[in-house]
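The values are calculated or read from the model by the stated rules, or taken from the named source; none is laboratory data. Because the structure is a prediction, the values reported are computed rather than measured. Glycine also receives a Cβ, built like all others from the backbone with ideal geometry; neighbour counts cover every protein chain displayed.
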Amino acid sequence: MVGKSVEFDSDISGLVGSLFDNKPIIIGYISEKIKICVDKDDDDVDNVCRLYLLPYFCVSYFPRTSRIVSNMPSKILDNLDNLSDFNWAECVHTLLTSALNRGCKVVREKQNSRSLNIVGCVVVV
């Protein structure tokens, strides 16, 4: 696949971050924010689209075990017209393989005998 590499931001910033006043974002609050934006008559359609894409990033493509959204490629959502320029498959694959490698290390070193959480795109698995 050809495309730009997807870079993860350490915090939610850019236009998406400004929609939440640059405060920590809890996954459940995203749907509330979408409803608020849709109910406003003067809101920008692009911002609503950004908010609709954010749960896909958080839940489908780059899931984490935390309920607080962080370490997502949020600045990419600043320019919706360029989303097709990125190599999403490579990014999802890299996240999943690194999670599997960490999980394998935990099992090999017997660091956790009760449960093992592996994050990554469930569709790929």
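What to note about this one:
- When the stretch 61-81 is filtered for residues that are touching a residue at least 40 places away in the same chain (Cβ under 8 Å), surrounded by 12 or more Cβ atoms within 10 Å (Cβ to Cβ) and more than 10 Å from I25 (Cβ to Cβ), the ones remaining, listed by number, are Y61, F62, P63, R64, N71, P73, K75, I76, L77, D78.
- Number of residues in the stretch 3-54 that are free of Cβ contacts under 8 Å to residues at least 12 places away in the same chain and either in a loop (DSSP other than H, G, I, E, B) or among the acidic types (D, E) (or both): the value is 10.
- Taken over the stretch 44-60, the criterion of being at pLDDT 90 or above and among the aromatic types (F, W, Y) is satisfied by Y52 alone.
- Whichever residue in the stretch 1-60 is in contact with a strand residue (DSSP E or B) (Cβ under 7 Å, 6 or more places away or on another chain) and of a type in the set (F, W, Y) and, among such residues, is surrounded by the most Cβ atoms within 10 Å (Cβ to Cβ): F57
- The set of residues in the stretch 62-99 being within 21 Å of F20 (Cα to Cα), in a helix (DSSP H, G or I) and not aliphatic (A, V, I, L, M) consists of S74, K75, D78.
- Residue that is nearest to G103 (Cα to Cα) [pool: residues in the stretch 61-90 that are hydroxyl-bearing (S, T, Y) and touching a helix residue (DSSP H, G or I) at 6+ places or on another chain (Cβ under 8 Å)]: Y61
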